[in-house]
């Protein structure tokens with residue numbers, strides 16, 4: 001029927017099907033009828049490559065290194081001392097100020113704070129080591145206000161952050177500073193200051209965290 005058909009094969013790789021293409025010298029440059037196409041289709045077949053599949057270990061991509069923030073090294077673990085389920089008290093009077101649940105998320109790359117004051121007010125913050133700034137950063141959001149500040153551990157092992165407090169009600173912003181001090185008894189002292197118009201730092205909040 002067809003004289004000396006040329007056969008070419010294209011394979012997509014080991015273990016994949018190879019497609020066989022047939023071309024007749026007689027019909028290579030001529031229009032083909034339905035009968036001719038059907039005959040060519042008989043000669044054009046799919047066959048599975050007989051080459052054994054490669055070992056999976058040979059074709060798997062190399063394992064990605066662990067993200068730095070999931071490791072147990074500084075600075076990524078510098079704020080872990082604040083993680084816990086806490087009751088917060090006024091360090092002077094002993095009055096309870098509220099409850100704070102601080103948890104590690106995203107395989108240790110994020111610290112989430114969920115605050116409830118004794119009066120029922122709430123707020124949340126996200127805390128993380130910002131690779132773009134090369135510093136720790138906290139972003140706080142509540143109905144009354146928003147805080148965004150950054151920093152890191154000081155020489156005494158205290159987390160010190162400085163940035164801006166924005167009042168959602170008044171639409172004003174002031175310089176703001178926070179400090180967290182881990183104590184040997186397992187408590188944490190949290191202190192906030194805001195800077196007034198004269199440039200002086202005024203105490204804004206002090207709370208002693210005790211593990212629940």
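The values are calculated or read from the model by the stated rules, or taken from the named source; none is laboratory data. Source: prediction; values computed, not measured. Please note: Cβ atoms are built from the backbone with ideal geometry, for glycine as well, and neighbour counts cover all protein chains shown.
Sort out which residues of region 145-169 are at pLDDT 95 or above and surrounded by fewer than 13 Cβ atoms within 10 Å (Cβ to Cβ), and write them in order of number. Within region 145-169, 154, 155, 156, 157, 167, 168 meet the criteria.
Considering every residue within region 71-80, establish whether at least one is crowded, with 17+ Cβ neighbours inside 10 Å, under 22 Å from residue 177 (Cβ atoms) and in contact (Cβ under 8 Å) with a residue 60 or more places away in the chain. Write out each step before concluding.
Residues of region 71-80 crowded, with 17+ Cβ neighbours inside 10 Å: 76, 79.
Applying the additional criterion that residues be under 22 Å from residue 177 (Cβ atoms) yields 79.
Next, from what is left, pick out any that are in contact (Cβ under 8 Å) with a residue 60 or more places away in the chain: 79.
Checking region 71-80: at least one residue is crowded, with 17+ Cβ neighbours inside 10 Å, under 22 Å from residue 177 (Cβ atoms) and in contact (Cβ under 8 Å) with a residue 60 or more places away in the chain.
Among the residues of region 113-122, some residue qualifies, meaning at least one is closer than 20 Å to residue 70 by Cα and surrounded by 12 or more Cβ atoms within 10 Å (Cβ to Cβ).
Identify, by number, the condition in (1) outside any strand (DSSP E or B); (2) on the phi < 0 side of the Ramachandran plot that residue 161 doesn't meet. Failing condition for residue 161: (1).
Sort out which residues of region 175-186 are over 11 Å from residue 159 (Cβ atoms) and buried (at least 16 other Cβ atoms within 10 Å of the Cβ), and write them in order of number. Outline the logic, then answer.
If we filter region 175-186 for residues that are over 11 Å from residue 159 (Cβ atoms), which is where we start, we get 175-177, 183-186.
If the condition is that a residue be over 11 Å from residue 159 (Cβ atoms) and buried (at least 16 other Cβ atoms within 10 Å of the Cβ), then 176, 177 are the ones that fit.
Output yes when any residue across region 193-200 is within 27 Å of residue 93 (Cα to Cα), loosely packed, with under 11 Cβ neighbours inside 10 Å, in the same structural domain as residue 83 (by TED's automatic domain parsing) and without any contact (Cβ under 8 Å) to a residue 12 or more places away in the chain, and no when none is. Yes: region 193-200 contains one or more residues that are within 27 Å of residue 93 (Cα to Cα), loosely packed, with under 11 Cβ neighbours inside 10 Å, in the same structural domain as residue 83 (by TED's automatic domain parsing) and without any contact (Cβ under 8 Å) to a residue 12 or more places away in the chain.
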